[in-house]
Amino acid sequence: MAHPGDGPSPIVAVRSPSALSYARARGMVVNDDQWPAQVFDADGLSGSGSGFLIGPDRVMTAAHVVDGMARPTVRLPARPGLGEVPATVEFAGPWQRDGDGHGDVAVLRLAAAVDVTPARFAARNALDLPRDLIVMGFPATPDGLARIATVRATTARFLVEGEWIQVHSRAAHGPSVAKGYSGAAVALASSGEVVGMITAAVGADRLGHMLPVTRLAHHWQPLADLLPLGPLTAAAHAELRRDLAAVPVDRARTAAVRVVDEDGGPDPDAGALAAAGTAYEVAAYLAEGLYLDGVSVARIAAVLASFRQALRADAADDAAPPVEEPVTVSVQVARSGSGQRNVLLGVRVRHGGRALAEVCHEVVARSRLRARVQEVLPEAIGGHVPRGAQVAVEFILPRGSLSMPVDTWTLGVGSVVQVGWRHPVTVRDLARAQQRVPDWEHDRRWTVLRTAGTTDEIVHWIGCGDTVDASRLAAMFALHASRAMLALDTPPEPAATHPALRAAFDSGIPAILWRRSPCPPECPGSSVPADCPGRRFRARMAGRIGAGDWMDLPETVRRLRSEAGVTDDDDHDGHAVTLLWDPPGQRPAAPPLRMAGTGRGAA
């Protein structure tokens, strides 16, 4: 199997009108769409592939197409007057070189916006019935022309490896998906609306792999605002998502059953409603997954309108109770896929397991990470947190960055107020947060921590001079099932490989506390003097963290940080202290093979 974007495809002037004429000759409605793109490296150090314009200054393509490109460049063959447009990799999915096709999607930001109408997307259930599809790609050809292959989806009901759909060429002869097609949009021949993107090809069998729009949006979440939903346009769909962000899913399930019954429609599938994790997912099921083919668009639109009205009436009848659980502002930093100098930053607001808002999802220079977070935090808190609610801030970081002093960052550029003074600030391990399978041991130890009394032996301390062996420490945790927290007198550096963190994570320890200031050279080993700062920290903190409800620990650390700011004492317990706090229920499972949906068109 080959990635159809691999290889040294020559960079040639593509005379796209000929390709469009070829399409029309085969009875396709192409509407003079000008959004197909060719993606290549201006330095010639990498092969080329395809892409498609999704906004005035954004092009979507496959991650493996731009992997290794020194100077990504885009050409829109239907608009030769635009020339070669420089681009940067704004987002790259989790695709890896080892052949794992998961997340093989990237988004390029053009150096300048272009006056070209972007691609339009089809509804997510557009492939429920067999449809003729077209793919415009840029293979290496003697005449330098683009090629349009006609394909069909072998089955749109199943996602192979939970990720892609197999497509096959309709004809025994003529263009088929091959090298040069990676990143190309797969569109409905009848309308030109995009249903997916090519990521790989099996040339001998005239087959290809297509990421459907649902998976593209899963990997690059801003795409969701560009997709229609059943009878709703992309703009109306985006408005619906925003309106339903804070609606409890149980209320949405009840409203859905009621409005469908009033409409006389088919009974909603109980399993499909139970699988919907948000009110928006309930609405998506109503829009695309419940009604049979042939039901008028107007009827489905009326059901959605009744659904929204029912939710508004319920909210008016049942005023929202005071927010007891803190609203969490979650700041996630991950690999960007565009080099070591950049990171992928995501900032979201959630409450009680529900997403309230996605504030940003972007690639930023590593050198600007602190400044960008300080710009976004006031917007996240002031614009998306209900008035009067308590706020907690968590940073989800790569393991090697867990000791980053994020609590000392400020609430706004130029502000003197550290976020850790005003709000509880904790960290979580990125790899652990992205874990796809349940960790029952972690959940059990969290229950131990939540229900523990003040005299229970919950904390295991590691002194600044202690030698740590990961296997021995893991065995100790297995022996003492009541241990639910690890505390260290000195920073666990390097965090990426420190044996204490490795043993704690592997053993399901949900809370870890440590000083970021190292002990001085004179106090390691068993002969630690009484004036060692690590020992003083341990003695004082042992009394503080076990004196009340263990669930108050983030707030306890916040108060200590504020006190340290007042005293300006480097030896204060709140100075340079990190708390890793990992509540359960934050790691969604992702089975390797699943159906694309339940019922007709559910996604």
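The values are calculated or read from the model by the stated rules, or taken from the named source; none is laboratory data. Just so it is clear, the structure is predicted and the values come from calculations on it, not from any experiment. No Cβ is skipped: glycine too gets one built from the backbone with ideal geometry, and neighbour counts run over all protein chains shown. To get the accessible areas, we keep the full protein, side chains included, count just its heavy atoms, and leave off ligands, DNA and RNA. Shrake-Rupley method; radii C 1.70, N 1.55, O 1.52, S 1.80 Å.
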Counting only protein heavy atoms, what percent of the accessible surface of the range 168-272 is carbon or sulfur at a 1.4 Å probe? 51
P(r) over all Cα-Cα pairs of the range 72-122, 5 Å bins from 0 to the longest distance, whole percent per bin, short to long, reads 5, 17, 19, 20, 18, 12, 8, 1
Please work out the Cα center distance from the range 204-269 to the range 55-70, rounded to the nearest Å. 26
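Classify the range 422-511 as rounded, prolate or oblate, taking a ≥ b ≥ c as the square roots of the eigenvalues of its Cα gyration tensor: rounded when a/c is under 1.5, otherwise prolate if a/b is larger than b/c and oblate if not.
Working: a/c = 1.20, a/b = 1.08, b/c = 1.12.
Taking the square roots of the gyration eigenvalues as a ≥ b ≥ c, the range 422-511 is rounded.
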For the range 356-405, what does the accessible surface come to per residue with a 1.4 Å probe? Please give it in Å². 45
√(5λ) per eigenvalue of the Cα gyration tensor, the range 222-379, largest first, Å: 35, 19, 12
What number, in nm² with one decimal, is the all-direction average of the projected area of the convex hull of the alpha-carbon atoms of the range 354-496? 11.6
Candidate cut points under trypsin sites (Lys or Arg not before Pro) in the range 393-464, DSSP loop plus at most 15 other Cβ atoms within 10 Å of their own Cβ, are 436
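Out of the total accessible area of the range 398-484 (probe 1.4 Å, heavy atoms of protein only), what percent is carbon and sulfur?
54
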Roughly speaking, what is the stretch gain from residue 475 to residue 314, that is 0.36 nm per residue apart minus the C-alpha to C-alpha distance, in nm to one decimal? 52.7 nm
Could you report the range 167-283's accessible area per residue, 1.4 Å probe, as an integer in Å²? 38
With the dipole of the range 357-494 defined by +1 on each Lys or Arg Cβ and -1 on each Asp or Glu Cβ, the option from 420, 377, 409 whose Cα lies farthest towards the positive pole is 377
The range 457-587: D in µm²/s via Stokes-Einstein (Kirkwood Rh, Cα pairs, 20 °C, 1.002 mPa s)? 140
Local electrostatic count, residue 54, Cβ distance below 12 Å [Lys/Arg +1, Asp/Glu -1]: 0
